[in-house]
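The values are calculated or read from the model by the stated rules, or taken from the named source; none is laboratory data. No experiment lies behind these values; they were computed from the predicted model shown. Here the Cβ positions follow ideal geometry from the backbone for every residue, glycine too, while neighbour counts run over all protein chains shown.
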Ligand code: NAI
């Protein structure tokens, strides 16, 4: 017998810069809006069978949407999301993104399989490989690795848990950050990471697990000739180096680049390609908890309002795959990395951003001087709030529980 209806009112709840509530139908609308964006740009040749690790939100979800609805590919996604439990815990946005992406893809005649579990484990890798062999046509031609995770269990020692930290390396850094819950600008000091913390962050956010995935997929014989794989890095402007590029996350991204070279050797014989895309700064669950980064974002977004170069994840990833990965219009740097972040890094933009950052104060950050309104709206939209086209004010918990990922 099915559960009886329980209507739950929908409202935004934040704890600092972490969302504590979700609007499931807003998430559905956000997925549909992203699909419409890609469809309006039209079809382009690319992958036919893709696996996205971290495909439930932001960059990974956008990659999945352009791959499915731009390239026409069947997709598998692995993500780690929570289903609805009770009135207080309606699940995570990524859970609903998976549900509604699958619904839309299937309606369009595409396969869209969701695995919900820890991508770092052997168990999930075995399940995915088995699915590719038995049900997905035997091979994949694209692997997107878009994981942002707080921890990883050492695959060789289950008693050891590596935790990623977002800290500077060497010296402490002081700057201003934004609290989205309180709508406040506050001063923040980030203490430098210990050596053990740097190492742990590399284990979690570097490319080790990406390598393991490719090695396992290759060993299983499920990689097609011409297979491509890609991971998203970040460099950003000098003003963010102390807490990103030269901090623990930057160390992990360097490790991921080293992994891309190792992966390239593994897939040379199938004419494969291992790519790093240095991506732009966007508002995501992972990026809003980076110290001081939100302040940079509100300055950047304001300047981009004038230059017309602001991009959300779907705009950025659609351009990446359409123009660069498959389109023959690649911007590549001296290290062979794809640089769709060139728009963000333009000198004229960064000069103005640096200037604006010096003018932002606790009194004026929440005004037209900055891009705070856009930043906050994008954050709320990640959880289904303030999404154009979604105006539900309550949901039926029993109906949510019946949704299949
Ligand atoms: P996000 O937090 O929106 O998405 C992370 C994804 O990883 C989700 O699908 C989540 O379910 C999945 N995930 C987390 N732990 C997992 C686990 N143990 N097993 C399986 N899936 C797991 O993060 P975002 O911002 O989209 O980041 C994706 C990648 O893009 C990261 O590598 C990040 O460093 C990179 N990037 C992000 C930028 C930004 O400004 N947000 C800029 C440049 C790169």
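For the reader, a short list of remarks on this structure follows.
- Residue within the stretch 239-258 that is out of contact with any strand residue (DSSP E or B) (no Cβ under 6 Å at 6 or more places or on another chain) and part of a strand (DSSP E or B) present: no
- Against the list (1) in a helix (DSSP H, G or I); (2) within 14 Å of the ligand (Cβ to nearest atom); (3) surrounded by fewer than 22 Cβ atoms within 10 Å (Cβ to Cβ), the condition residue 126 fails is (2).
- The listed residues are 119, 62, and the only one of them that is out of contact with any strand residue (DSSP E or B) (no Cβ under 9 Å at 6 or more places or on another chain) and either assigned to a strand (DSSP E or B) or within 16 Å of the ligand (Cβ to nearest atom) (or both) turns out to be 62.
- Scanning the stretch 213-224 for any residue that is under 19 Å from residue 244 (Cβ atoms), surrounded by 15 or more Cβ atoms within 10 Å (Cβ to Cβ) and touching a residue at least 24 places away in the same chain (Cβ under 8 Å) turns up nothing.
- Residues within the stretch 39-59 that are touching a helix residue (DSSP H, G or I) at 6+ places or on another chain (Cβ under 6 Å), within 16 Å of the ligand (Cβ to nearest atom) and outside any loop (DSSP other than H, G, I, E, B), tallied: 4
- Checking residue 403 against (1) touching a residue at least 60 places away in the same chain (Cβ under 8 Å); (2) under 14 Å from residue 12 (Cα atoms), the condition it does not meet: (2)
- The lone criterion from (1) buried (at least 22 other Cβ atoms within 10 Å of the Cβ); (2) at pLDDT 95 or above; (3) over 21 Å from residue 142 (Cβ atoms) left unmet by residue 258 is number (1).
- The one condition in (1) surrounded by 21 or more Cβ atoms within 10 Å (Cβ to Cβ); (2) under 25 Å from residue 272 (Cβ atoms) that residue 155 fails to fulfil: (1)
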